[in-house]
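Values in this text are rule-based calculations from the coordinates and carry no lab data. Note that the structure is a prediction, hence the values are computed from the model and not measured. Reconstructed Cβ throughout: ideal geometry from the backbone, glycine too, with neighbour counts over all protein chains shown.
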Amino acid sequence: MTNPAQPPVKRNTAGYYTTSIAVNRVFNCALALLFLAVTLPLFAVLIPTVMIVNGWPVFYAGIRMGRNKKYFVMYKLRTLPVNFEQQYDAHLVSYRHGYTLPWFSRFMRDTRLDELPQLFNVLKGDMDFIGPRPVRPSVYKKICSEIKAYDKRFLVNPGLVGYSQLFTPHSTPKRIRSFIDNRASKYKKSLVFDFFIICLAGFGVIHKTINMLTRFLYMVMMDKVLNRYSNKRGLDRMNQEGGQVYFCNHNQSYRDCCLEHGSPDGVLVDMNEKHMRIDSDVPLDEDKEITIRGTARIKTKVAKKETKSFFCSINVFMRYDAPKGDMKYTYILEYEPSSDLNRYFIDQYFLKKSLMRYVI
């Protein structure tokens, strides 16, 4: 005896929500109104501050691709010069453009507080709270259109909070972000799950905001109050715990490099997007190009220790005798990651730029 045919299971191929359109719309509008009411005092502080730091206009309005590739205007608090997007149309913003963001603008971007005006996009129906982040048409045409299964995101509204946006830095390659979004879309979603993700994003924003403000106040205290030193760097350095450096030949694998040396050639002390500081006994000549492998021990949210590494080419920017410790020399090295994936590792695990960090 054969079982009667079962009716096909209706499934949302995009996977970002499974409720009806009407229920989803009511949920997003109600939550947007609630968040607008809660963040009105924040807007009252941020808007005049943006005007003082970046001038007029306060808001940025840019064209983005939404559901079914329909164009819409997305709003943000402005953190870049007025014509920056036209000048660097299909590129992600970084220090390599020769423009260093003021601290306040970096703070706004890193904490995602510049995204708050997109609550109005949610009210208009252009966006939902949860979904893949909207993409610029120029970026889609130049970078994303050839990525496998990238167009899945256009089956649903873009989101104020995206899975890849929550767990990866701004500089993450589009292929990695697309993989995370598509992987997340395979699981059944609900309004309860969406609300959990929103709360998780809120926790990440608050945690990042507190960390950056604490770091800023510490620098002001050391400079203005205690007169210990003045921070003139355009990029903030991040201290590294347990970082190790191996000097390798070009095209040499990490395993071969470790077998050849046996022990690390130096200790990674701290780094930013452009430079790193290491202590080493190895004498290096200035302006000598070599390839290094850097490793650092990090902790995930569940307190599990993992080791992440990256490859990059370096130039010796400065060398001086180490004032203390077991190493003879201290180097300031200018580095360039060997690939976009290596840049992602640096931003994610060494510079800790994402709102929520986890190991993939």
Return the distance in nm (one decimal) between the two label points of a simple spin-label model at D270 and S309, each offset 7 Å from Cα along Cα→Cβ.
-> 2.7
Under a point spin-label approximation (7 Å from Cα along Cα-to-Cβ), what is the I63-F317 distance to one decimal in nm?
-> 3.8
In Å and whole numbers, how far do the C-alpha atoms of the range 21-219 stretch along each principal axis, longest first?
-> 45, 38, 29
Can you figure out the FRET efficiency of R237 with A22, using R₀ = 51 Å and their beta-carbon distance, to the nearest 0.05?
-> 0.50
Assertion target for L217, L33, L46, ordered by fewest C-beta neighbours within 10 angstrom first, is L217, L33, L46
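Give me the number: length gained by fully extending A37 to K352, i.e. 0.36 nm times residue separation minus the C-alpha to C-alpha distance, one decimal in nm. Spell out each step's value before the answer.
Working: separation 315, 0.36 × 315 = 113.40 nm, distance 3.09 nm.
Between A37 and K352, full extension yields an extra 110.3 nm.
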